[in-house]
Amino acid sequence: MLRDSIARCKASLPLPELWRRLGLPGEPKKLCSSPFREDEHPSFSVFQRDGLWFWRDQARDESGDEIGFLMQQYRELSKDSAIKLYHELAGVPMPQETHKAKKHTLGELEATFSYFAVDRSLRFQIRRHQHAKAVPRQPAQPGQWAGGKQARRDRDGCWWIWNLAGVELVLFNLPTILSAPPETKIYIVEGEKCAVALQTAFRARRRWDVVTTNPLGAGKWRPSYSEALRARHCIIVPDFDEPGLAHAQAVAASLYGIAGSVSITNWDKLWPERAEQSEKFDIADYLSANPKGQLP
């Protein structure tokens, strides 16, 4: 079923159209500059073979289809999350049964979000399941132990320890933040789903602001996260509920004197009709209801 729905996505939003939908610079063709990095001598190509579209980055010896293209654009996305995002962009419903739910436990896997260190190595992942808010795991070696748990191998042959014991936690999208020009605005949201939704909206409108979040939700901000944003221009987009608004104030307090500037999005101005209802919502809800509305 998933293979069929991906085929429908490729028919609805082929690679050249996906490139334009994401608002990437340049024009997709057989020889062009990479949309993901500075490419003084064009080494990127977009081509069609047997009715399907592919891309190849000759300088990095990387290639793939539309899903791989999304994973290049949003390095924090796992393949599962990229497939889900591709369905959303193409307007094709995801199949109902893409993962078998574990009995009496977590339910279906909805998304996997990867956090990377400064050198772009994978630091840890947060997996969102139907019946659990967040399930963390860290890459490991066979026989390794951490936090009282031993590494286990998944069906793809990769080894993981299912906790974050001993891991230095980092911001979502950290390498992109550090490599962005100094004038780039850094948006801080609550949760990876909101980060991906807002980043996608920015790219669609050719805005190169960067979106981040801290792992594990509201109330979990650390001083090290503020230090990673030193001298940056930060805009906090809170969830509209008591924990979310309190979290925004705590993040702002931590950033004062470290960031170049700090502001908090005012929902009473951005989405007043919803804020008046005093019901919980977040930036992903706003973007879903207002796809062409004003961005924060």
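Any read-out appearing in this document is the output of simple, stated calculations on the displayed coordinates, not a laboratory observation. Computed from a predicted structure; not experimentally measured. Cβ: placed from backbone, ideal geometry, glycine included. Neighbour counts: every protein chain shown.
Most fluctuating residue of Phe202, Phe36, Phe44 in a GNM of the chain with Cα springs under 10 Å: which is it? Maximum among the listed residues: Phe36. Under 5 Å between amide hydrogens, built in the peptide plane, is the criterion, and for Ala259 it picks out Ala231 among residues at least 5 positions away or on other chains.
Between Asn163 and Gln138, the built amide H atoms are under 5 Å apart, and every one of these is 5 or more places off in sequence or on another chain.
Computed over the chain with a Gaussian network model linking Cα atoms closer than 10 Å, the most mobile of Asp239, Asp268, Asp156 is Asp156.
Inter-label distance, Ala180 to Ser278: 3.5 nm, where each label sits 7 Å from its Cα along the C-beta direction. Neighbour counts of other Cβ atoms within 10 Å put Met1, Met94, Met71 in the fewest-to-most order Met1, Met94, Met71. Taking the chain as a Gaussian network of alpha-carbon nodes connected by springs under 10 Å, the highest mean-square fluctuation of the residues Asn214, Asn173, Asn163 belongs to Asn163.
Beyond 23 Å in Cα-Cα separation lie the following of the pairs Lys84/Lys185; Lys84/Lys292; Lys29/Lys292; Lys29/Lys84; Lys84/Lys193; Lys30/Lys292: Lys84/Lys185; Lys29/Lys292; Lys29/Lys84; Lys30/Lys292.
Across the stretch 109-161, Cα-Cα distances exceeding 12 Å account for 67% of all pairs. Counting neighbouring Cβ atoms within 10 Å and putting the fewest first, the residues Cys9, Cys32 line up as Cys32, Cys9.
Each of Ala231 and Ser78 was given a label point 7 Å from its Cα along the Cα-to-Cβ line. The distance between the two points is 3.6 nm.
Relative to the current alpha-carbon distance between Arg8 and Arg120, full extension at 0.36 nm per residue lengthens the span by 37.1 nm.
Note: the stretch 1-133, Cα convex hull, 127 Å³ per residue. Coupling constants for the stretch 194-203 follow from the phi torsions by the Karplus curve (6.51 cos²θ - 1.76 cosθ + 1.60, θ = phi - 60°), and in residue order they are 5, 4, 5, 4, 6, 4, 5, 5, 4, 5 Hz; glycine and proline get x. Subtracting the Cα-Cα distance of Asn163 and His131 from their residue separation scaled by 0.36 nm leaves 9.8 nm. Counting charges near Ile283 (Lys, Arg +1; Asp, Glu -1) among other residues having Cβ under 10 Å from its Cβ returns a value of -3. Place a label point 7 angstrom from the Cα of Ala250 along the Cα-to-Cβ direction, then list the residues of the stretch 258-296 whose backbone nitrogen is under 18 Å away. Correct set: 264-265. A simple spin-label model places the labels of Asp50 and Lys220 4.3 nm from each other, with each point 7 Å out along Cα-to-Cβ.
Working value for the chain: equivalent-ellipsoid semi-axes of 29, 25, 21 Å, each the square root of 5 times a Cα gyration tensor eigenvalue, largest first. Helical runs (DSSP H, four residues minimum) scored at -39500 (n - 2.57) apiece and divided by the length of the chain put the mean residue ellipticity at 222 nm at -8500 deg cm²/dmol.
Using the Karplus relation 6.51 cos²θ - 1.76 cosθ + 1.60 with θ = phi - 60°, the per-residue 3J(HN,Hα) values for the stretch 229-244 come to 9, 4, 6, 8, 8, 10, 10, 8, 10, x, 5, 8, 7, 4, x, x Hz, with x marking Gly and Pro.
Counting Lys and Arg as +1 and Asp and Glu as -1 over every other residue whose Cβ lies under 11 Å from the Cβ of Glu17, the net charge comes to +2. Near Trp53, the amide H atoms lying under 5 Å from its own belong to Leu15; only residues 5 or more places off or on other chains count, and H is placed 1.01 Å from N.
When you filter the GluC sites (Glu not before Pro) in the stretch 190-296 for DSSP loop state and at most 16 other Cβ atoms inside 10 Å of their Cβ, you are left with Glu276, Glu279. For the chain, the relative contact order works out to 11 percent when only alpha carbon pairs closer than 8 Å and six or more residues apart are counted.
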